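Single-structure report; data block below.
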Amino acid sequence: MITAILLAAGASTRTTTPKQLYRIGGIPLVVHQIEALLAGGADQVIVVIGYHAEAVRAAVGERENLCIVQNPAPKKGMFSSLCAALGKSPSEGKLLIHPLDVPLAALLVKRMDALDAPIIIPVYEGRSGHPVLIDAALAQTIPSSGVERLDRWLEAHRESTVMIPVDDPNILYNANTDADLAHLFPSETR
């Protein structure tokens, strides 16, 4: 079983509209990413919201296999969102951690799920990207690990990690501006 954690609590200070609500193929980016995660094989999606919470809740609506978690301190960043989600995530199966503003390839999720390793990270030309797939029981150690960034926790668990090479450079980038959104979601942008 895969539970996807969609980190969607950011303030979107460099875009003209909140990233969560940016229209991709006529739907808000947050909805687009939920659908991509489910298409990739996620059985459940936990969406972490923070800034623009009410508008994001309204955009997402009620959905089967969806849990919305409010990050009480979104200004602390993505790691605080991850920790908020882990409080609501199962301790069995796999957790797929994915930022809202990184394109997601459903085939990549399926490829990662087919592997048997505690941690799986896609790599493009030697650089690691998103999403990250982690054994759910192992992921429950993240909040009490004493680190404040996922990359540092992953570094401490390098021996448990399988890096899979991919040919998609988009795993490395997140959309910080309107131009980034148009570039990273080119065939689908408003």
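The values are calculated or read from the model by the stated rules, or taken from the named source; none is laboratory data. What you are looking at is a predicted structure, and each value in this text was computed from that prediction instead of being measured. So basically every Cβ, Gly included, is an ideal-geometry build from the backbone, and we count neighbours across all protein chains shown.
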### Message
What pairs come out if I take residues in the range 131-142 that are small (G, A, S) and pair them with residues that are part of a loop (DSSP other than H, G, I, E, B) whose C-beta lies under 6 Å away, six or more apart or interchain?
### Response
A136/P90; A136/S91; A136/E92; A136/G93; A137/S91
### Query
Do the conditions hold for P90, that is, is it in contact with a Ser or Thr (Cβ under 7 Å, 6 or more places away or on another chain) and either over 22 Å from Y173 (Cβ atoms) or among the acidic types (D, E) (or both)?
yes
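Here are R63, R14: which of them is in a loop (DSSP other than H, G, I, E, B), more than 21 Å from L181 (Cα to Cα) and of a type in the set (K, R)? Reasoning before the result, please.
Numbers: R14 fails: more than 21 Å from L181 (Cα to Cα).
Exactly one of R63, R14 is in a loop (DSSP other than H, G, I, E, B), more than 21 Å from L181 (Cα to Cα) and of a type in the set (K, R), namely R63.
Restricting the search to the range 113-125, which residues are modelled with pLDDT of 95 or more and farther than 13 Å from D168 by Cβ? Even if it seems obvious, please write down each step before you answer.
Residues of the range 113-125 that are modelled with pLDDT of 95 or more, as a first pass: 117-125.
A117, P118, I119, I120, I121, listed by residue number.
Within the range 7-15, is there a residue that is surrounded by 17 or more Cβ atoms within 10 Å (Cβ to Cβ) and polar (S, T, N, Q)?
For the range 7-15, residues surrounded by 17 or more Cβ atoms within 10 Å (Cβ to Cβ) and polar (S, T, N, Q): present.
Are any residues in the range 17-57 outside any helix (DSSP H, G or I), among the small types (G, A, S) and under 26 Å from I120 (Cβ atoms), and if so, which ones?
Step one: of the range 17-57, the residues outside any helix (DSSP H, G or I) are 17-18, 22-28, 40-52.
Pick out the ones that are also among the small types (G, A, S) and you get 25-26, 40-42, 50.
Answer for the range 17-57, where residues must be outside any helix (DSSP H, G or I), among the small types (G, A, S) and under 26 Å from I120 (Cβ atoms): G40, G41, A42.
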### Task
Determine whether V109 is more than 15 Å from the chain's Cα centre (by Cα) and in contact (Cβ under 8 Å) with a residue 12 or more places away in the chain.
no
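Going by what's in this entry, would P103 be described as in contact (Cβ under 8 Å) with a residue 60 or more places away in the chain and closer than 29 Å to A179 by Cα? If you could, list the steps in order and put the result at the bottom.
Values: in contact (Cβ under 8 Å) with a residue 60 or more places away in the chain: yes; closer than 29 Å to A179 by Cα: yes.
It is true that P103 is in contact (Cβ under 8 Å) with a residue 60 or more places away in the chain and closer than 29 Å to A179 by Cα.
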